[in-house]
Amino acid sequence: MEGKDGRFAVFNLNTPDVCGALGCLYTGYWLRKDKPITQVFLSYLNPNLPPGKHLLEVGENRGQALPCIKVLQTEQEQLRQLNFCFNGTGYQLADSQLFTNNTSCCESQKREACVPQLDILGVV
């Protein structure tokens, strides 16, 4: 994902060594020209979502070097959208919303079109 100052890349470390009861480890890096690669996101996420639902999507732009990211997670019979925003050095949880499985996050926010899904790079 392109940001104002570089790219944000998410890696899915979906191996038995880093998956467990909390989910699988996902890590995100800030890639900038002529600067060291910096880890800015680290979280255990459950990738098992209902069909048609995306784990990660690009969120709103709050004027930071990198835009916010939306993470969708299951919570019993419902979906929770976690909104992580970049604070200049890393991503932190900004807020979250709870949705029923019958309502998509985009529909509930009355948006014309959904935001693009983030590309997740698998590690082999």
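Students sometimes get this wrong: rank PHE84, PHE11 by accessible area, probe 1.4 Å, all chains present, largest first.
PHE11, PHE84
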Take the alpha carbon gyration tensor of the range 1-80, find the square roots of its eigenvalues, order them as a ≥ b ≥ c, and report rounded if a/c is under 1.5; if not, report prolate when a/b exceeds b/c, else oblate.
-> oblate
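The values are calculated or read from the model by the stated rules, or taken from the named source; none is laboratory data. Quick caveat: nothing in here was measured; it's all calculated off a predicted structure. Accessible surface areas use protein heavy atoms only, side chains included; no ligands, DNA or RNA. Shrake-Rupley method; radii C 1.70, N 1.55, O 1.52, S 1.80 Å.
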